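Structure first, commentary second.
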Amino acid sequence: MQCSRALFRLPVAISLALAPSPASAQARYRVVTDSAWFYQTPAGKRLAVVARTALVSAGAPEGAFVPVTLDGWIFETSLGPSPKPEFQIAVAKAGGENLRATPRGDLIATLIKGFGLNKTGQQGRWVHVTRDGYMRQADLTPLIGIVATRTAAGDSDSTRAAVPVPVHPPDSAAVDASRVAATRRTTVYRTPDGAPAATIAGDTPLRVLSKSGDWSRVELEGWVRSSDLAVAPAGALVGLSAAELRAEPQRYVGQVLNWTLQFIAIEKADDLRPEIPNGATYLLAQGPVPERGFVYVVVPDAKVNGLSTLPPLATIRITARVRAGKSRYLGNPVVDLLTLEVEP
């Protein structure tokens with residue numbers, strides 16, 4: 001009998017114990033929770049929100065906190081002189097600015113106006129900056145560390161080839177909070193408040209991938225009969241929730257999805273929606289059904305006239321490309337319209 005191993009991925013934060021960094025260098029860590037905070041001091045003032053999956057350098061843990069360094073790039077025109085002597089520059093843009101891993105690269109953190117930084121370099125109109133602070137251990141997981149070994153005694157400044165070594169938790173009995181089990185017979189849903197997809201028995205092992213409100217997106221590993229499987233159709237993603245986009249806003253950018261929404265109104269973009277060109281037309285909609293959050297659907301100029309008779313609260317089915325998983329100020333997904341059908 002043939003069997004296939006299948007993963008069920010459905011729409012939490014992951015908490016892992018951290019190891020002290022090697023004495024010779026800081027270790028590298030990945031942020032594993034949504035909206036993790038960057039603090040001025042341990043348990044002190046919160047200064048910035050660090051993006052999930054962002055990489056930071058960190059030193060030895062200090063209780064529940066770890067000293068970290070934010071290292072990234074920010075656009076030159078968003079910066080100005082810092083009023084504080086310990087920093088060379090500061091964010092000057094009224095609405096704040098994004099810190100990125102590379103020029104125009106992945107998001108590291110969202111910085112508010114006045115956030116102090118030190119400049120380490122420049123590439124065109126992009127400035128390379130750093131800032132030291134603290135993050136919670138529970139928001140980070142260690143990557144592979146690099147340890148450099150000394151050569152001959154008289155050659156103290158040279159090193160041999162760096163040897164990668166795993167960074168292990170200091171306590172082998174530490175609990176991986178992403179590993180959980182169902183406490184009873186449980187229904188698995190395609191999306192929060194969506195259609196049921198399966199039922200699992202109590203004590204079934206699961207792995208938590210992300211969290212949205214009262215819902216946890218989990219991964220189930222198991223076996224099914226090969227005869228019960230078919231290759232998923234290529235093209236648009238089906239069953240992707242808005243909660244998943246908000247939880248991992250960078251992951252789905254550029255991908256095409258199919259959604260059923262409830263149309264509310266036709267609007268013009270303004271400064272509160274920087275992901276949409278100013279003055280562009282977009283649909284304000286609710287969903288995807290049965291979710292109750294809002295979605296912005298950017299409409300190409302060629303399609304605007306055809307939507308003028310769309311009645312409020314109409315149910316529409318769209319194919320769209322993800323422009324932003326979560327808008328900067330209001331946290332709503334932004335998608336570019338490709339096709340639209342009105343349900344009777």
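The values are calculated or read from the model by the stated rules, or taken from the named source; none is laboratory data. From a predicted model like this one, the values you see are computed outputs, not experimental measurements. Please note: Cβ atoms are built from the backbone with ideal geometry, for glycine as well, and neighbour counts cover all protein chains shown.
Kindly evaluate T260 against the criterion of being surrounded by fewer than 18 Cβ atoms within 10 Å (Cβ to Cβ), in the same structural domain as R323 (by TED's automatic domain parsing) and either of a type in the set (F, W, Y) or in contact with a Pro (Cβ under 9 Å, 6 or more places away or on another chain) (or both). The answer is yes for T260.
Could you grab me the full set of residues in the stretch 270-286 that are surrounded by 15 or more Cβ atoms within 10 Å (Cβ to Cβ) and at pLDDT below 90? The one that is surrounded by 15 or more Cβ atoms within 10 Å (Cβ to Cβ) and at pLDDT below 90: R273. When each of G105, G72, G114 is tested for being more than 22 Å from A138 (Cβ to Cβ), outside any loop (DSSP other than H, G, I, E, B), outside the structural domain of P274 (by TED's automatic domain parsing) and among the small types (G, A, S), the lone residue that passes is G72. Among the residues of the stretch 49-69, those that are surrounded by fewer than 20 Cβ atoms within 10 Å (Cβ to Cβ), in a strand (DSSP E or B) and of a type in the set (A, V, I, L, M) comprise V49, L55. Residues of the stretch 288-344 that are of a type in the set (A, V, I, L, M, F, W, C), closer than 19 Å to E248 by Cα and surrounded by fewer than 20 Cβ atoms within 10 Å (Cβ to Cβ): F294, L330.
Residues of the stretch 76-106 being among the hydroxyl-bearing types (S, T, Y) and buried (at least 17 other Cβ atoms within 10 Å of the Cβ), which ones? S78, S82, listed by residue number.
Matching residues to (1) modelled with pLDDT under 90; (2) touching a helix residue (DSSP H, G or I) at 6+ places or on another chain (Cβ under 6 Å); (3) closer than 15 Å to A101 by Cβ; (4) hydrophobic (A, V, I, L, M, F, W, C):
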site	(1), (2), (3), (4)
G59	yes, no, no, no
P67	no, no, no, no
G72	no, no, yes, no
E76	no, no, no, no
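Quick check on the stretch 199-215: of everything there that is modelled with pLDDT under 80 and under 16 Å from the mean Cα position of the chain (by Cα), which residue is nearest to R179 (Cα to Cα)? The residue in question is L209. Of the set (1) in contact with a strand residue (DSSP E or B) (Cβ under 6 Å, 6 or more places away or on another chain); (2) modelled with pLDDT of 90 or more, all apply to K326 but (1).
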